[in-house]
């Protein structure tokens, strides 16, 4: 790939110096950003570079989704049979565990393509996925990895280990995880994926299983990706069976750490918060899912010292809408209409890229020298001025209902003027509808 200078739109670099360039340029080569600044200066130093004028709009770094369930893509519109769930354990048993057990390999593959495609169209260039398919375990992560390759996304994947389907299924999931580390040990320019050790939740993992997981991966330099205290029932189960709280239990098995990702953290006490902070464990909160499942809402502003970011938990792929819901839910719980605006902007634009980098070793989230060229072009014709002081307001109240026009991952144009470069998105949706109908009939 020859050197290319992109210019034309307003550029939001998300860097401390020159965060907004009204008439700037980005120079990339071999998937990496070499310079950001004035067009004339970059051209003077790089006279051989091709200049591509993108026209009007806003050019931003790609966004990060810290927690997705791509396998949920084919659940949209599904009406589960039987009595509706009355509490969170019943939500799992009557909806999600029924769905994931019925998934076949094609379902897994197309679910991932759909979810990743929607992510790209939402300006998300990096997705950490948490997968479960207890009817089709072996090879399931390969099907998801192929979807990442087809769409052109970068991210991290894992299989959700759990005792809920029995010992044989647990061992199959463990083997799937072992194989994942052989194939995706880390992210590089040639391999956009890395693996994590996936766990469901404390209430579906015995001490024997946690011990087996810890022994198996004690020599792996990788993090755990797990659900933490999503519902009060999980804490109640842990305290009744093990006489401790969930974070304390996970700490005993070495699951916490700076490359680990806890998710939800709704029902934590001060001791658990200190454990997370002291171990530098990362936490992804998922406001829309918590509200949908009526499990409560994490008072994340009380979690001093914890590295906190945002995930969608499979409720769509739009992380900007997730941030907006987090803002509104936070204000509602605190009964404060002036809380959280800047803080939640930092969660999405600062913490999410930082956490992704810690987990995968890959820097993202900036249009700056040395960063990968993960860029999003929005055809956003703002009715108000855009500046470094108000850019977050444009994300929440302008970009949140926009689809990206064009997207680059590692300098590759994976979405161009709304059309995917590597595959036929409309054809994928046709196939997905056929698979979804058959899936619903099987459940």
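Restricted to the range 178-201, and to residues there that are touching a strand residue (DSSP E or B) at 6+ places or on another chain (Cβ under 8 Å) and assigned to a helix (DSSP H, G or I), the residue that is surrounded by the fewest Cβ atoms within 10 Å (Cβ to Cβ) is 183.
What do you reckon, is residue 398 at positive phi and out of contact with any strand residue (DSSP E or B) (no Cβ under 7 Å at 6 or more places or on another chain)? No; evaluated as a whole, the condition is false for this residue. With respect to the conditions (1) over 13 Å from the mean Cα position of the chain (by Cα); (2) closer than 29 Å to residue 210 by Cα, residue 330 falls short on a single one, namely (2).
Quick one: is residue 342 touching a residue at least 12 places away in the same chain (Cβ under 8 Å), surrounded by fewer than 18 Cβ atoms within 10 Å (Cβ to Cβ) and touching a strand residue (DSSP E or B) at 6+ places or on another chain (Cβ under 9 Å)?
Numbers: touching a residue at least 12 places away in the same chain (Cβ under 8 Å): yes; surrounded by fewer than 18 Cβ atoms within 10 Å (Cβ to Cβ): yes; touching a strand residue (DSSP E or B) at 6+ places or on another chain (Cβ under 9 Å): no.
No, not satisfied.
Checked against (1) within 24 Å of residue 24 (Cα to Cα); (2) in contact with a strand residue (DSSP E or B) (Cβ under 6 Å, 6 or more places away or on another chain); (3) buried (at least 24 other Cβ atoms within 10 Å of the Cβ), residue 57 passes all but a single condition, namely (3). Of the residues making up the range 409-443, those that are in contact (Cβ under 8 Å) with a residue 12 or more places away in the chain and out of contact with any helix residue (DSSP H, G or I) (no Cβ under 9 Å at 6 or more places or on another chain) are 410, 411, 412, 417, 421. The condition of being in contact with a helix residue (DSSP H, G or I) (Cβ under 6 Å, 6 or more places away or on another chain) and either over 25 Å from residue 68 (Cβ atoms) or not in a loop (DSSP other than H, G, I, E, B) (or both) holds for only one of 249, 239, that being 249. Scanning for something outside any helix (DSSP H, G or I) and buried (at least 17 other Cβ atoms within 10 Å of the Cβ), does the range 86-98 turn up at least one residue? So far as the range 86-98 goes, no, none of its residues is outside any helix (DSSP H, G or I) and buried (at least 17 other Cβ atoms within 10 Å of the Cβ).
For residues in the range 361-370 being at pLDDT 95 or above and surrounded by fewer than 24 Cβ atoms within 10 Å (Cβ to Cβ), which is nearest to the chain's Cα centre (by Cα)? Break it down into steps so the answer makes sense when it comes.
First, the residues of the range 361-370 that are at pLDDT 95 or above: 364-370.
Keeping just the survivors that are surrounded by fewer than 24 Cβ atoms within 10 Å (Cβ to Cβ) gives 364, 366, 368-370.
Values: 364: 13, 366: 17, 368: 22, 369: 24, 370: 23 Å.
Residue satisfying both the conditions and the ranking: 364.
For the range 100-136, the tally of residues that are closer than 19 Å to residue 169 by Cα, touching a helix residue (DSSP H, G or I) at 6+ places or on another chain (Cβ under 9 Å) and surrounded by fewer than 23 Cβ atoms within 10 Å (Cβ to Cβ) stands at 6. Being under 22 Å from the mean Cα position of the chain (by Cα), at pLDDT below 95 and either assigned by TED's automatic domain parsing to the domain that holds residue 349 or within 30 Å of residue 365 (Cβ to Cβ) (or both) is a property that holds for residue 184. Against the definition (exposed (fewer than 15 other Cβ atoms within 10 Å of the Cβ), over 30 Å from residue 282 (Cα atoms) and in contact (Cβ under 8 Å) with a residue 12 or more places away in the chain), how does residue 406 come out, yes or no? Taking the combined requirement at face value, the residue does not satisfy it. Restricted to strands (runs of 3 or more DSSP E) entirely inside the range 1-53, those with at least 1 residues that are touching a strand residue (DSSP E or B) at 6+ places or on another chain (Cβ under 6 Å) and buried (at least 18 other Cβ atoms within 10 Å of the Cβ) are 4-7, 10-12, 24-29, 32-38.
Listed by position, the helices (runs of 4 or more DSSP H) contained in the range 352-443 that have at least 2 residues being under 30 Å from residue 97 (Cα atoms) are 352-360, 425-442. Cβ-Cβ contacts under 6 Å between residues 6 or more apart (or on different chains), taken from a first residue in the range 243-258 that is assigned by TED's automatic domain parsing to the domain that holds residue 354 to a second residue that is surrounded by fewer than 16 Cβ atoms within 10 Å (Cβ to Cβ) and part of a loop (DSSP other than H, G, I, E, B), are listed as 258/280. Every condition in (1) modelled with pLDDT of 95 or more; (2) farther than 20 Å from residue 73 by Cβ; (3) outside any helix (DSSP H, G or I) is met by residue 174 except one, and the failing one is (3). Just one residue in the set 293, 352 is closer than 24 Å to residue 132 by Cβ, assigned by TED's automatic domain parsing to the domain that holds residue 117 and under 16 Å from the mean Cα position of the chain (by Cα); that residue is 352.
The values are calculated or read from the model by the stated rules, or taken from the named source; none is laboratory data. Given the structure is predicted, the values throughout are model-derived calculations rather than measurements. Because the Cβ atoms are built from the backbone with ideal geometry, glycine has one as well, and the counts that use them run over all protein chains shown.
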